[in-house]
Every structure is written in structure tokens, then in C-alpha cells.
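A short write-up of the structure that comes next.
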Amino acid sequence: MLDVFRAEGLQHLSFRDASSRKPFRDSLGQIVAWFDQLRKLPHTQIAEANASRCMPAVPDLQSGGAQLSLEAPPGTASLLTWSKDHFAARLAERSCIIVYADGRYRMEKSSQRFLESMTTHAFEGTLSSAQITDLHKILDSPELANLRHNLDQTRPASEVEVTRLVIHERRQFSG
């Protein structure tokens, strides 16, 4: 699944499996290749206790009577979040990546078997300004922005895999 929040509205692409993505391989190729390169970059493993499930940083709302602002603190605004959930035969797996506007990123992989504890491996690193520029070019490309696809929901599934990419607009929200 690909959800892109764009100025003109939500772009939603859903694919049941690899064969349904096949006609879009060329259009999705750049973003898929970018994620493959990201996974190969040097990064540092962090403690499982510090795993965030790739959720964006949340401003502290406990400040005495401060008005709610959805603008992230400097350096914490995220460019995108990506996640892939896989459920099959008593096993749940989740991989996720969050990339912040300042180039920091976090990758996590969690798995849990039925009636067992979840295990998580978390890593973080930093992208160069050239890598961030490349990412912006891919995200803003008309080829990606103009894609349209609807999920075929007529077939039942015994195994489910959901991939989600959320690209955050580069603008400020306050309320």
C-alpha cells in the first residue's frame, strides 16, 4: 500500500501481491531502489527499549497551557514513514523506516510468534544532504505522483502483507 498525502489530496495505491504491482514496476522502481540503498547504509544498532515503532516524534503537550501546535520541534519533522506488516501462520512481522527532514533515519524490524514475546531490532543513521536531495526528487517526480491503482478485494487471503509509505508534505500545520 502506498499512501501519499499531497496538496491536491490523498494518493492511495494498494497492491495485493507482487503480480499486481508488476505493471507499476517502472514507476515504483526509483523509490524501491532508494529504500534498498538505505538498508545498506552504515547505521548503529540501538537498544530494543528505545524502539519507537517508527512513529514521528511528538511535541511535549504538558507545557503549562501552551496552545496545541502540530508543527514538529526543529529537526524532528519527518519526510516519510514506510512500514511493511506481514501476517501468516501464527507469526506477525513488521519492518518500518522513518526519515526526518534533517537526514536522520530509523529502521526497525519486529517479529512475534503466537503467545510469545515480541523481539525488535532497531537501527539509526544519518543521510547526507545529497541523499536527501535525491529522495526529494523521487518523491516529487510526476511519474510517482500520477500513479493510480485500486486493490482487488474479491479474493480471500490466508496470508496478508501490507506495505505503507506516507510522504509528509513539507509545510507547517498549527491549530
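Structure above, values below:
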read-out	value
Residue within region 72-89 that is touching a Pro at 6+ places or on another chain (Cβ under 9 Å), at pLDDT 65 or above and farther than 19 Å from A51 by Cα present	no
Region 74-97: number of residues that are touching a Ser or Thr at 6+ places or on another chain (Cβ under 9 Å) and either outside any strand (DSSP E or B) or of a type in the set (A, V, I, L, M, F, W, C) (or both)	7
Of residues in region 8-54 being in a loop (DSSP other than H, G, I, E, B) and touching a Lys or Arg at 6+ places or on another chain (Cβ under 8 Å), the one modelled with the lowest pLDDT	R16
Test: residue in region 98-108 that is more than 20 Å from I31 (Cα to Cα), modelled with pLDDT of 85 or more, part of a strand (DSSP E or B) and not aromatic (F, W, Y)	no
Whichever residue in region 108-149 is small (G, A, S) and in contact (Cβ under 8 Å) with a residue 40 or more places away in the chain and, among such residues, is surrounded by the most Cβ atoms within 10 Å (Cβ to Cβ)	A122
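The values are calculated or read from the model by the stated rules, or taken from the named source; none is laboratory data. Here the structure is a predicted model, which means the values were calculated and not measured. Glycine gets a Cβ as well: all are built from the backbone with ideal geometry, and neighbour counts include every protein chain shown.
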